[in-house]
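Below you'll find the structure, written out as structure tokens, and then a few comments.
The values are calculated or read from the model by the stated rules, or taken from the named source; none is laboratory data. Keep in mind the model is a prediction, meaning the values are calculated, not measured. Note that we place each Cβ from the backbone using ideal geometry, even for glycine, and neighbour counts take in every protein chain shown. Calculation scope for accessible area: heavy atoms of the full protein, side chains included, ligands and nucleic acids excluded. Shrake-Rupley method; radii C 1.70, N 1.55, O 1.52, S 1.80 Å.
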Amino acid sequence: MKLIDIAVNNLRRKKGRTFFLVSGLALGIGAAVALTSVGDAMNREVMHTLDEFGANILVLPATEDLPLSYGGMTVSAVNTGGRSLTIEDARRIKTIKNSENVSTVAPKLLVVSEVKGTKVMVAGVEFPSEFKLKKWWRVSSGMKPGGVSEVLVGKDAAAKLGIAPGDTVKLNGGTFRVSGVLGDTGSQDDALIFADLATVQTQFRKGNAISLIELAALCGGCPIEDMVDQVNGVLPGARAVAVKETVELKMQAMHYFHRFSLGISLLLLIVAGMIIFFAMTASVKERVQEIGLFRAIGFRTGHIIQVLLIEAFFVSLLAGIVGYVLGSLSPRFIAPYLMSAYNLKFVFDPVMAVSAVAASVVVGLLASIYPAVRAGRLDPIEALRTL
């Protein structure tokens, strides 16, 4: 306790030096925290944006009967005969271990019907899930379907068939009202007619069968391959596959921001440590008389080292707290103006707070060990001569 009191009193007496040490390390910690916070916020924003690009896991029937291209992807296992997926299979996906990573489950039933003498593919979907999965969908004319007997027609299909919102179409003998026309998507959706899944199942006598299931997984940290295995485990009659391009793009973006912020943060901590090292080394030279006084009253080498390291601990602790506060608050005000990033969301992370303070203490102590040892090894006679 006596050594702690001495160290605290020394810091109080040398307010200018203490302020310099605290501010130097705090700026380094603050910059590292700010950069990490911005990186994490950008990562969350990128992952959220990429999640809007749709499915990254497809669940298909285990048997392969009819090759089919859907949504710009080749789906080679849409089963038109034999064992089909069912709507219960879509519900069971929510029971997998990583179900919290599944943001959207969108089952589909694909059938072929004839409209005005032209064969067209009809997709039975659950419209709320489909619009959530495909956030780029826009209804160019009309409105979203509001009833089970209303359909949404792709742009190319509407032009080919000469139909518009308010018209009616016959699908396998049933009459459906065109609620709206889908805007140009640049995918096969433009050539499809979308109808309510349960209604299509009834109208085409498919029972509870579905053709495939699209999943959107929140991949900020989801084990995509494990999720595929888990889906295959709960659906033995199906085959889940990851859409590699989407997943790899998401994971690449995540790792890029993580590595960038980590590397720059490490560099800033090294710079902050150098500031502490040179400041403590210079302080030892200035405190030869003080060290001589300590020697005169009976302090040993270990006592001198302890006093200086205790000072470094308190300086580093205070710098870590100040640095975290500065680093966590500054991006909220600076990022919108420097990066035009008004949508970035910063959240309090207790792990980052503890890590920032711990890193500050570790860096401060490591940078102070050599100057402290050097001070403890000063020749007592030479130190006393300065008194």
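What number comes out for the charge environment of residue 179, summing +1 per Lys or Arg and -1 per Asp or Glu over other residues with Cβ under 9 Å away?
Neighbourhood net charge equals +1.
Grab the Cα-Cα distance for residue 330 and residue 119, subtract it from 0.36 nm times how many residues apart they are, and report the gain in nm with one decimal.
70.0 nm
Return the long-range amide H neighbours of residue 217 (sequence gap of 5 or more, or a different chain), with a cut-off of under 5 Å between placed amide H atoms.
Excluding prolines and chain starts, which carry no amide H, the hits are 56, 57, 103.
I'd like the Karplus ³J(HN,Hα) series for the stretch 99-115: coefficients 6.51, -1.76, 1.60, θ = phi - 60°, whole numbers in Hz, and an x wherever there's a Gly or Pro.
My calculation for the stretch 99-115 gives 5, 5, 8, 8, 8, 9, 10, 10, x, 9, 10, 9, 9, 10, 9, 10, 10 Hz in order.
What are the residues whose amide H is under 5 Å from the amide H of residue 192, where those residues sit 5 or more places off or on another chain and H is modelled from the backbone?
Hits under the 5 Å cutoff: 154, 157.
Subtract the Cα-Cα distance of residue 148 and residue 225 from 0.36 nm times their separation in residues, and report this length gain in nm to one decimal.
24.1 nm
Pulled fully out, how much extra length does the chain show between residue 4 and residue 187, if you take 0.36 nm times their separation in residues and subtract their Cα-Cα distance?
Here the answer is 58.8 nm.
Mind scanning 97/144; 94/119; 155/206 and naming the pairs with a C-alpha gap bigger than 32 Å?
97/144; 94/119
What does the charge count near residue 143 come to, summing +1 for each Lys or Arg and -1 for each Asp or Glu among other residues with Cβ under 13 Å from its Cβ?
Here the charged neighbours net out to +2.
Please compute the volume of the convex hull spanned by the alpha-carbon atoms of the stretch 56-242 and report it per residue in Å³.
That works out to 110 Å³ per residue.
If r is the Cβ-Cβ distance from residue 170 to residue 136 and R0 is 30 Å, what FRET efficiency results, to the nearest 0.05?
0.50
With every protein chain left in place, what is the accessible area of residue 85 in Å² (1.4 Å probe, nearest 10)?
Result for residue 85: roughly 0 Å² accessible.
Add +1 for every Lys or Arg and -1 for every Asp or Glu among the other residues with Cβ under 13 Å from the Cβ of residue 117, and state the total.
Combined, the nearby Lys, Arg, Asp and Glu give +3.
List the residues whose amide H sits under 5 Å from the amide H of residue 86, counting only those 5 or more places along or on another chain, with H placed 1.01 Å from N in the peptide plane.
Here 210 satisfy the definition.
Of 90, 154, 187, whose Cα points farthest to the positive end of the dipole of the stretch 56-242 (charges on the beta-carbon: +1 Lys, Arg; -1 Asp, Glu; origin at the Cα centre)?
The Cα lying farthest towards the positive end belongs to 154.
More than 23 angstrom separation, counting every C-alpha pair in the stretch 104-204; what % is that?
13
Short version: ³J(HN,Hα) in whole Hz for each residue of the stretch 158-164, in order, from phi by Karplus 6.51 cos²θ - 1.76 cosθ + 1.60 (θ = phi - 60°), x for Gly and Pro, what are they?
5, 5, 5, 8, x, 10, 9
If we sort 224-234, 311-321, 363-373 on the protection proxy, mean other Cβ atoms within 10 Å, highest first, what's the order?
Per-residue Cβ counts within 10 Å, averaged per peptide and sorted highest first, yield 311-321, 363-373, 224-234.
I need to check one value: relative contact order of the stretch 56-242, counting alpha carbon pairs closer than 8 Å and at least 6 residues apart, in percent.
For the stretch 56-242, the relative contact order is 34 percent.
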